[in-house]
């Protein structure tokens, strides 16, 4: 039995594991992908911190974060994160993260949308990737154990306390049980539910969130999904906010600017979408910055743009479209990352800890996952109780479930359903919502749930059966979509990233958090 089992090998999971290992605990990380493929690598623009190099203050950082959260932020949690930010950067720097430097050799900082000052530390436009590589190298040097290519299936909970998890070995299709004194979910967000309309990796399918929901864990604020204003049109590949932070313009085909590029992301994304919905093309214009500055500050963006569109940022307008990018909701936790289940914790984008509220401030995501991941690893209390190495019912149930999928006929092609799901979520549960659109979306979800019994797999091989993995992911995506839709229907107002045409203003009645919990296969919801 392990002292700590961490599900997910991104920035949050690795930070927690490193801190636990340095305290002498026996840690294992289980993940569906390899560490360098985690979603953390997609964070490009920067990580916020007040470093004392300007007139910026921690109070300003707190105020900017609270403002973005639209009255749903936890001031204590936000104050803690912002107050720890400089220490977080110092820790990352000590691990060898190659932050970009200014002429005085200080860590360079850039402007991000919604921020009152330049406080985003960066590594050109590879910030998340460089942080991830440094954390992974550190974890390897400490001898932390990894189980890669293993998909979370179920949480093992007995008497309101977690005992471990069951997982599917993608390489062999075998179901395993892993027991631990503490289980930490760091499985990422749920942006992949917007399939083909998201900047997220294909692995971001809400597995941890749905596994938690299925075992009575509370979820919070699932209706709040942030759409990034700038992804490549038709490709949905992220063009970092650094492009606007460094002076890029958002323009129409005739070159006219139509929005303040550094307003909060929800406002900018909606203004872009209005143009697109009116059959106007919108573009990112960086031509005035010049090739030297673009290649120095945004080398990844330049390469991605040319590779996928054939366009050069220094010479041509870049066609863009908003895309699902970050999810503010997730597994409800307190400031110590505890859930409502004993010994179960959640960190990173899969959790809702009061930092982001209704809308995330750009540059705060990397800060949150590293700060709270490390904080949990530094402070979690692990008992000496060894527990029982027995087989729990979930293991046999999940084994039977996988065997059944192999024996089922595949009558309905779930891949086509997944394409339709993504389109429906983007159109009806995206930047602009209303009751009619949400009800249509809910109807489709109900139909998919009825169709589950007709969805099997064509590939009956046991070795690297991605057909099986993708069916399990699709079912998680459908169940997560249901929670998003129900939460959005219940919130009859517009607040932050949640905008309803039929309720276009904030309503103080809803200045509370949406709590969802599954009770006897039914979703129970309240505002708390």
Quiz prompt | Answer residue from the range 22-69, given it is part of a helix (DSSP H, G or I) and under 28 Å from residue 171 (Cα atoms) and is modelled with the lowest pLDDT among those | solution = 42
Exercise. State whether one or more residues within the range 237-247 are modelled with pLDDT of 95 or more and in a loop (DSSP other than H, G, I, E, B).
Key: no
Practice problem: Restricting attention to the range 453-474, report how many residues are part of a loop (DSSP other than H, G, I, E, B) and surrounded by fewer than 19 Cβ atoms within 10 Å (Cβ to Cβ). | Solution: 7
Self-check item: Residue identified as buried (at least 18 other Cβ atoms within 10 Å of the Cβ), within 30 Å of residue 118 (Cβ to Cβ), touching a strand residue (DSSP E or B) at 6+ places or on another chain (Cβ under 9 Å) and in contact (Cβ under 8 Å) with a residue 12 or more places away in the chain among 370, 380
Solution: 370
Quiz item: Applying the selection to the range 70-88, what residues are surrounded by 16 or more Cβ atoms within 10 Å (Cβ to Cβ) and part of a loop (DSSP other than H, G, I, E, B)?
Solution: 70, 72, 73, 74
Quiz item: Which of the residues belonging to the range 484-503 are closer than 24 Å to residue 113 by Cα and either surrounded by 24 or more Cβ atoms within 10 Å (Cβ to Cβ) or under 18 Å from the mean Cα position of the chain (by Cα) (or both)?
Solution: 495, 496, 497, 498
Quiz item: If residue 299 satisfies every condition in (1) buried (at least 16 other Cβ atoms within 10 Å of the Cβ); (2) more than 30 Å from residue 77 (Cβ to Cβ); (3) modelled with pLDDT under 95 but one, which is the exception?
Solution: (1)
Self-check item: Whichever residue in the range 248-285 is out of contact with any strand residue (DSSP E or B) (no Cβ under 8 Å at 6 or more places or on another chain) and either in a loop (DSSP other than H, G, I, E, B) or modelled with pLDDT under 90 (or both) and, among such residues, is surrounded by the most Cβ atoms within 10 Å (Cβ to Cβ)
Solution: 264
Quiz item: Failed condition for residue 437, given (1) farther than 25 Å from residue 211 by Cα; (2) in contact with a helix residue (DSSP H, G or I) (Cβ under 6 Å, 6 or more places away or on another chain); (3) in a loop (DSSP other than H, G, I, E, B), with all others met?
Solution: (3)
Quiz item: Only one of (1) surrounded by fewer than 19 Cβ atoms within 10 Å (Cβ to Cβ); (2) over 23 Å from residue 403 (Cα atoms) fails for residue 244. Which number is that?
Solution: (1)
Quiz item: Since residue 219 meets every condition but one in (1) surrounded by 24 or more Cβ atoms within 10 Å (Cβ to Cβ); (2) at pLDDT below 95, which condition does it not meet?
Solution: (2)
Quiz item: For residue 293, are the conditions met, namely being surrounded by fewer than 16 Cβ atoms within 10 Å (Cβ to Cβ), assigned to a helix (DSSP H, G or I), more than 20 Å from the chain's Cα centre (by Cα) and free of Cβ contacts under 8 Å to residues at least 40 places away in the same chain?
Solution: no
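The values are calculated or read from the model by the stated rules, or taken from the named source; none is laboratory data. All values derive from a computational prediction rather than experimental measurement. Every residue, glycine as well, gets a Cβ built from its backbone with ideal geometry; the counts of neighbours run over all protein chains shown.
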